[in-house]
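J.: Sharing a structure, written as structure tokens. Questions coming.
The values are calculated or read from the model by the stated rules, or taken from the named source; none is laboratory data. Note that the structure is predicted; figures quoted are calculated from it, not measured. Here Cβ is always computed from backbone atoms with ideal geometry, including for glycine, and neighbour counts include all displayed protein chains.
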Ligand SMILES: Nc1ncnc2c1ncn2[C@@H]1O[C@H](COP(=O)(O)OP(=O)(O)OP(=O)(O)O)[C@@H](O)[C@H]1O
Ligand SMILES: [Mg+2]
């Protein structure tokens, strides 16, 4: 700086070496002009030099305070040819790409390169900016010919560019790999932070605030409120993308949408209630009375009387489910229903703990949410179809639900806080009582809804089913009516059921056929008669047993009972030469077989009194057959019928065809009571029987038999078999014609209980 500011800059062969002598330096260096000297804060000195030209170092002189060199300048000027010009342009273009990709090259170097006129100079500007080892740089310095130098630098530059491009590509890929959700996470967190800075409320905080406000309005019980508060605070502290956020929000949504306080006011107006019940259902006196009793007690004693848990038991289609709905209507309560058919898993009733993925509340809580009030009429349908297996026993969960002592604190695993079910009116339904576990059955007030008799069905059809079906077929405006005769025909010949579901279906089918005629502008029947029914529904599908056409020997008429009603059952007895065996055919069950043996033993014990043939019993086999041989039959109530048939065969005295009988027989000939009297009496009446023999002990059941049947059928109560025989057997002179023709009976596919 003090002299001419000229120095020679020369590289060390080994950059690491500290103590350097002339032998450690290259012999070709650069003459440079010192532009500036800066003292740095850390005590070092920064010198900025500008290269001027290449010099060859002839020799060093180390005698002074610095190393001096005697140099010869090197001249590298060259004439600019077209080839050189092209080379220069190519280099500038390449260099531009490098600058764009590299983080180390500044725009300034590029500008300098772009403005360089001299080929050698350009090569030096570009070459010095590349990050290459000293040896390589020295090589460029020592390449005196500018054209050659340009080429060398060009090669290095191309290599540099390739490396940079590769680096860029790798970086791009890594960037893409960065998980999208993580990116979102960052963005959202940034957004939240920005919104906080701006004093705005972000979406999650807004949700938390909303939920807090909703919870405050609900008037939750203390325990629940504390739990909700706890969950809310957890939610507020979470980042909005945390996986728990969804889980906690769903939970809080459930808490806020469950009814805790909302009630409907019971409308206790007995007259109105009865009107509603009658408007929706015919008959069902017992159930309706029970509901009115409940309402009356409610009215007198206030809301703290215990709500009964009713259980409607009855065959399909008798209106159990639909009755629940009209009870709710008559009480002015909400109605909800849950079908328990096929529920195997306790968790379906009680829910899963929230620690499980995809946990949900149980059906009870879910349905309460649907109800929206704390005091709905809640129907647990098909409670007898509850399953039970390794997944637990749902009926034990129901025990808690249906126990008035416990259900004010019902715990759903998902909800995790007690829920009060004590104001709910539970109604359960079942087809049969047997499958319901005893502990559960004990909590239920069972109301049996037996099947309907024909007269009931006609009424139900006329007042409920026909109007409903006409409406559904779009015929309500037309004048279409059914005669009672037609209705009876549909009931008898096209349906075989205790309820009215198939009846409704057949009526619907007729209505649609009429609708078709109306719609296509054809003539249509205004009155549906027996004939119309046959035309629309085709040949009869069900054959009910009818009384025998003749009084016959060895053929007695019994009656049996099934879920879908009663029917006649013929018993045939035949005597064959043999060894005193009893042959039984017609798929008889064990009880019935024993009953047949008892009947035979009784007759044997009475052989002398009855003047039976002397060949009996040693030389005669007795064969008893019950027609409809494919249908399994069982039960003891055909006892007296079988005894009558055998006696008739032995005495060769026909049995009166208009007498039907039912009763169990003992070895001493006493007649014991049986079940299903109502259905059996109705079947006998329908079949044209005149006299109905029944055990005396069953007389009390006659109250259930409709008035008309009691008037038209002669009921004869008996205590002993002798009485049965005197009523049923004709003396030979009374017989119209003794024949042994076997007539067909019903071929209903039902399990008969005789
Ligand atoms: N007494 C009645 N008065 C009017 N309609 C009735 C009566 N009984 C049944 N019904 C009608 O019969 C149809 C079937 O009734 P519902 O579905 O309630 O039977 P259910 O007893 O629940 O049978 P399931 O045991 O098969 O569930 C309904 O359309 C209902 O309105
Ligand atoms: Mg039902």
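J.: Does any residue of region 367-379 turn out to be in a strand (DSSP E or B), crowded, with 16+ Cβ neighbours inside 10 Å, at negative phi and away from ligand 2 (no atom under 16 Å from the Cβ)?
T.: Checked region 367-379: no residue is in a strand (DSSP E or B), crowded, with 16+ Cβ neighbours inside 10 Å, at negative phi and away from ligand 2 (no atom under 16 Å from the Cβ).
J.: Which of (1) surrounded by 15 or more Cβ atoms within 10 Å (Cβ to Cβ); (2) under 60 Å from the mean Cα position of the chain (by Cα) does residue 186 not meet, given it meets every other one?
T.: Looking at each condition in turn, residue 186 falls short on (1).
J.: So, one more: Any chance you could count how many residues in region 533-569 are surrounded by 15 or more Cβ atoms within 10 Å (Cβ to Cβ), modelled with pLDDT of 90 or more and under 29 Å from residue 482 (Cα atoms)?
T.: Of the residues in region 533-569, 4 are surrounded by 15 or more Cβ atoms within 10 Å (Cβ to Cβ), modelled with pLDDT of 90 or more and under 29 Å from residue 482 (Cα atoms).
J.: Residue 624: touching a helix residue (DSSP H, G or I) at 6+ places or on another chain (Cβ under 6 Å), in a helix (DSSP H, G or I) and within 17 Å of residue 653 (Cα to Cα), yes or no?
T.: Criteria not met by residue 624.
J.: Please find, among 512, 492, 550, the residue that is in contact (Cβ under 8 Å) with a residue 12 or more places away in the chain, assigned to a helix (DSSP H, G or I) and under 30 Å from residue 730 (Cβ atoms).
T.: Among 512, 492, 550, only 492 is in contact (Cβ under 8 Å) with a residue 12 or more places away in the chain, assigned to a helix (DSSP H, G or I) and under 30 Å from residue 730 (Cβ atoms).
J.: Would you point out which residue out of 386, 399 is within 16 Å of ligand 2 (Cβ to nearest atom), touching a residue at least 12 places away in the same chain (Cβ under 8 Å) and crowded, with 16+ Cβ neighbours inside 10 Å?
T.: Of 386, 399, the one residue that is within 16 Å of ligand 2 (Cβ to nearest atom), touching a residue at least 12 places away in the same chain (Cβ under 8 Å) and crowded, with 16+ Cβ neighbours inside 10 Å is 386.
J.: Let me ask you something else. Being assigned to a helix (DSSP H, G or I) and away from ligand 2 (no atom under 16 Å from the Cβ): is that true of residue 256 here? Walk me through it before giving the result.
T.: Working: assigned to a helix (DSSP H, G or I): yes; away from ligand 2 (no atom under 16 Å from the Cβ): yes.
When the stated conditions are applied, residue 256 passes them.
J.: Kindly indicate which of 415, 421 is away from ligand 2 (no atom under 16 Å from the Cβ) and either assigned to a helix (DSSP H, G or I) or in contact with a strand residue (DSSP E or B) (Cβ under 7 Å, 6 or more places away or on another chain) (or both).
T.: On the way: 415 fails: either assigned to a helix (DSSP H, G or I) or in contact with a strand residue (DSSP E or B) (Cβ under 7 Å, 6 or more places away or on another chain) (or both).
Matching residue, one of 415, 421: 421.
J.: Hey, can you tell me all the residues within region 312-329 that are within 23 Å of the chain's Cα centre (by Cα) and more than 6 Å from ligand 1 (Cβ to nearest atom)?
T.: 324, 325
J.: Hey, another quick one. Out of 300, 331, which single residue is in the same structural domain as residue 364 (by TED's automatic domain parsing), surrounded by fewer than 21 Cβ atoms within 10 Å (Cβ to Cβ) and away from ligand 2 (no atom under 16 Å from the Cβ)?
T.: Sole residue among the options that is in the same structural domain as residue 364 (by TED's automatic domain parsing), surrounded by fewer than 21 Cβ atoms within 10 Å (Cβ to Cβ) and away from ligand 2 (no atom under 16 Å from the Cβ): 300.
J.: Would you mention how many residues in region 521-547 are without any contact (Cβ under 8 Å) to a residue 12 or more places away in the chain and not in a loop (DSSP other than H, G, I, E, B)?
T.: Qualifying residue count, region 521-547: 2.
J.: Quick one: residue 409 ticks every box in (1) closer than 28 Å to residue 219 by Cβ; (2) touching a residue at least 40 places away in the same chain (Cβ under 8 Å); (3) in contact with a strand residue (DSSP E or B) (Cβ under 6 Å, 6 or more places away or on another chain) bar one, so which box is it?
T.: Here residue 409 meets the rest and fails (2).
J.: Only residues in region 73-101 that are assigned by TED's automatic domain parsing to the domain that holds residue 161 count as the first member; pair them with residues that are surrounded by fewer than 11 Cβ atoms within 10 Å (Cβ to Cβ), Cβ under 8 angstrom, at least 6 apart or cross-chain, and list the lot.
T.: So the pair list comes out as 99/107.
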